[in-house]
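Participant: I have a structure here, written as structure tokens, and I will follow up with some questions on it.
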Amino acid sequence: MADYSHDCPILHVDMDAFYASVALREHPELVDVPVIVGGAQRGVVLSANYLARAFGVRSGMPSTRARRLCPQAVTLSPDYDTFTAVSSSVMETFRQVTPLVEVVSLDEAFLDVRGATRRLGSPLEVAEQLRATIHDEQGITCSVGLAGSVTLAKIGSRRAKPDGVVVVPPSAVTTYLHPLDVGELWGVGEKTQAMLHRLGLVTVGDIAHTPLRTLQRAIGVALGQHLHGLAWGDDRREITPRHGAFEADKSMGANETFGRDTDDREVIVREILRQTTRVTNRMRVAGVAGRTVTLTVRFADFTTITRSRTLPEATDVTQEVYRTATRLYDALGLQRARVRLVGVRVEGLVARTAVHRQLLLGEREHGWSDADRAVDRATLRYGTAMVGPASLLTARP
DNA sequence: TCTGGGGTCCTAGGACCC
DNA sequence: TCTGGGGTCCTAGGACCC
């Protein structure tokens with residue numbers, strides 16, 4: 001096979017059906033069976049092997065629907081510890097090739113291999129070496145897209161699936177790109193795709209030949225600019241080496257869907273406290289504090305609202321976040337609305353060392369802060385189940 | 001008994017300030 | 001005597017990604 005990859009030093013590596021593939025390592029007896037990795041009663045499909053996909057099962061799909069499509073599938077519950085461990089090993093393999101690794105998620109990364117070709121061969125050869133290594137070491141397959149830019153590499157890997165490689169050389173960019181549906185572009189989801197289709201813009205080529213201003217009027221200034229550029233293969237996004245989340249997070253949040261919808265304030269407020277403790281604990285571990293507290297409430301009909309409040313000072317104190325979130329909840333004045341989910345998020349995160357507490361709130365806050373750190377220490381030693389606010393010790397509904 | 005959980009970014013209006 | 005114009009912050013919602 002001719003190697004056209006010399007001008008394609010950007011690799012997008014994407015594990016094939018990652019969660020399902022990892023889960024199947026632990027269950028070799030299931031390799032010839034449709035397998036779904038997914039949540040419990042009210043969950044969605046996290047991943048499905050290709051046998052299940054043949055029945056139309058897709059990740060993100062409600063589990064109930066997936067079971068209807070493929071009743072004979074075996075459902076496995078996710079084991080995040082294993083997923084995380086496998087992911088770390090894979091990312092480590094990438095870093096043996098180049099330090100320029102941008103981790104997108106557990107199962108995806110961009111690599112800039114410009115600095116590795118002298119040592120390891122053409123980008124295509126590097127890609128094949130990586131695929132072989134991951135297969136040998138982890139027992140799972142991946143697909144790789146190679147191009148001169150991240151967007152094209154990403155499109156390449158999608159079209160390489162499963163277990164393949166696609167090279168998109170610069171000379172082929174427009175001929176490759178223009179026939180594709182607009183939905184293939186990164187940043188075009190369901191809504192934007194539908195909107196563009198309504199306007200008669202079906203392919204990437206249609207976007208390319210639409211005046212920028214027209215495009216921007218339809219879908220907004222920023223997105224219009226972005227897509228118009230991409231349609232001509234103009235993508236200047238650089239790879240920024242990142243080890244994944246947790247490095248410079250701008251916000252941290254937690255939410256969980258109730259097993260059953262509820263209108264019981266006591267249950268809801270207890271859940272707000274539970275989510276708050278999860279968030280603030282993670283914040284303190286990461287050494288960050290934040291000023292804006294956002295409460296999310298999703299109702300039984302799936303409509304979702306948010307309410308936020310910005311505090312005078314950044315905080316990582318559980319009680320402060322909890323009190324703010326609870327006030328936001330009570331200000332909604334809900335009567336008998338059935339609530340499906342509540343969530344708490346803290347935004348505007350900064351390093352805790354950068355926060356100058358003015359102690360406006362007095363000694364009492366100091367007390368709470370000390371209490372938090374005691375809980376954190378205990379949590380570290382005994383696990384989350386053992387320590388927490390007394391009001392969480394009651395069983396959840 | 002359809003529809004998770006973790007995030008990021010953009011838009012738009014109003015307040016507020018100069 | 002008709003009343004600008006920007007910039008920044010805050011809030012709410014929405015689209016998108018994995």
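Participant: What residues from segment A:278-303 fall in the zone where the backbone N is under 18 Å from a label point 7 Å along the Cα-to-C-beta line of A:Thr64?
Facilitator: It comes to A:298-303, nothing else.
Participant: What helices does chain A have that are whole DSSP H segments, at least 30 Å long along their own axis by Cα, and with mean Kyte-Doolittle hydropathy of -0.5 or more? Let's see the in-between values first.
Facilitator: Numbers: long enough: A:265-286 (31 Å, -0.45).
TM-like helix candidates: A:265-286.
Participant: Moving on. With no solvent and one point per C-alpha, what does the Debye sum give as log10 I(q)/I(0) for segment A:57-118 at q = 0.28 Å⁻¹?
Facilitator: Calculated log10 I(q)/I(0) at the listed q: -1.12.
Participant: Calculate, for A:Trp186 and A:Arg217, the FRET efficiency according to 1/(1 + (r/R0)^6) with r their C-beta to C-beta distance and R0 22 Å; round to the nearest 0.05.
Facilitator: On the way: r = 22 Å, r/R0 = 1.00.
Using R0 = 22 Å, I get an efficiency of 0.50.
Participant: Let me ask something else about it. Relative to the present Cα-Cα distance, how much length would full extension add between A:Gln129 and A:Ile305 at 0.36 nm per residue of separation? Please report the intermediate quantities before stating the final value.
Facilitator: Working: separation 176, 0.36 × 176 = 63.36 nm, distance 4.79 nm.
Stretched fully, the A:Gln129-A:Ile305 segment lengthens by 58.6 nm.
Participant: Would you grab the residues whose amide H sits under 5 Å from the one on A:Leu46? Only those 5+ places off in sequence or on another chain, please, with H modelled 1.01 Å from N.
Facilitator: A:Val37, A:Gly38, A:Gly39, A:Gly60
Participant: Could I ask something else about it? Under the Karplus relation 6.51 cos²θ - 1.76 cosθ + 1.60, θ = phi - 60°, what is the ordered set of whole-Hz ³J(HN,Hα) values for segment A:348-355, x standing for Gly and Pro?
Facilitator: x, 6, 9, 4, 4, 5, 8, 8
Participant: Let me ask you something else. At a 10 angstrom cut-off on C-beta neighbours, averaged per residue, how do the peptides A:166-179, A:7-20, A:287-300 rank from highest to lowest?
Facilitator: So the peptides A:166-179, A:7-20, A:287-300, ranked by packing, come out A:7-20, A:287-300, A:166-179.
Participant: Something else now. State the three equivalent ellipsoid semi-axes of segment A:290-339, derived from the C-alpha gyration tensor as the square roots of 5 times its eigenvalues, in descending order and whole Å.
Facilitator: Numbers: eigenvalues 109, 22, 14 Å².
So the three semi-axes of segment A:290-339 are 23, 11, 8 Å.
Participant: Shifting gears a bit: Extent of chain A along each principal axis, from alpha carbon coordinates, in Å, largest to smallest?
Facilitator: Projected onto its principal axes, the Cα set of chain A covers 70, 56, 46 Å.
Participant: Using amide H atoms built in the peptide plane, which far-off residues or other-chain residues are under 5 Å from A:Leu100 H to H?
Facilitator: A:Asp112
Participant: How big is the shadow of the Cα convex hull of segment A:256-337, averaged over all directions, in nm²?
Facilitator: Details: hull surface 21.7 nm².
The orientation-averaged projected area of the Cα hull of segment A:256-337 comes to 5.4 nm².
Participant: Further question on the same structure: Cross-link partners among lysines for A:Lys191, C-alpha distance below 23 Å, same-chain residues fewer than 8 apart left out?
Facilitator: Reachable lysines: A:Lys154.
Participant: Leaving out ligands, DNA and RNA, what percent of the accessible area of chain A is carbon and sulfur, probe 1.4 Å?
Facilitator: On the way: 11120 of 20890 Å².
Its accessible area is 53 percent carbon and sulfur atoms.
Participant: Moving on to the next point. Would you kindly give the portion of the calculated P(r) for segment A:178-231 that falls above 13 Å, as a percent of all Cα pairs?
Facilitator: On the way: 688 of 1431 pairs.
That tail contains 48 percent of the Cα-Cα pairs.
Participant: Here is a follow-up. Remind me, what semi-axes does segment A:1-168 give for its equivalent ellipsoid, largest first in whole Å, using sqrt of 5 times each Cα gyration tensor eigenvalue? Walk me through the numbers on the way to the answer.
Facilitator: Values: eigenvalues 192, 49, 35 Å².
Over the Cα atoms of segment A:1-168, the semi-axes work out to 31, 16, 13 Å.
Participant: Also, I was wondering about something else. If you scale each eigenvalue of the Cα gyration tensor by 5 and take the root, what three semi-axes come out for segment A:251-392, rounded to whole angstrom and sorted largest first? Walk me through the numbers before you get to the answer.
Facilitator: Values: eigenvalues 132, 61, 34 Å².
Each semi-axis is √(5λ); the values are 26, 18, 13 Å.
Participant: When the dipole is taken about the Cα centre of segment A:251-392, and only Lys, Arg (+1) and Asp, Glu (-1) are charged at their Cβ, what size is it in debye, to the nearest 20? Present the calculation step by step, with values, prior to reporting the outcome.
Facilitator: On the way: 23 positive and 17 negative charges, 37 e Å.
So the dipole magnitude of segment A:251-392 works out to roughly 180 debye.
Participant: Run the dipole for chain A about the Cα centre, Lys and Arg Cβ at +1, Asp and Glu Cβ at -1, nothing else charged, and hand back the magnitude in debye, nearest 20. Mind dumping the intermediate values first?
Facilitator: Working: 48 positive and 45 negative charges, 287 e Å.
That gives chain A a dipole magnitude of about 1380 debye.
Participant: Still on this structure, I have one more. At 1.4 Å probe size, with every protein chain present, just tell me what the per residue accessible area of segment A:1-145 comes to in Å². Write down the numbers at each step before the final one.
Facilitator: Values: 6890 Å² over 145 residues.
Roughly 48 Å² per residue, with all protein chains present.
Participant: What number, in percent, do you get for the relative contact order of chain A if the mean sequence gap of Cα pairs under 8 Å and at least 6 apart is divided by its residue count?
Facilitator: Numbers: 676 pairs, mean separation 53.0, N = 397.
Computed over chain A, the figure is 13 percent.
The values are calculated or read from the model by the stated rules, or taken from the named source; none is laboratory data. Computed from a prediction, not measured in an experiment: that's the story for all the values here. Positions of Cβ are backbone-derived with ideal geometry, glycine not excepted, and every protein chain shown enters the neighbour counts. Ligands, DNA and RNA are stripped out before the accessible areas are found, and what is left, the full protein with its side chains, is counted by its heavy atoms. Shrake-Rupley method; radii C 1.70, N 1.55, O 1.52, S 1.80 Å.
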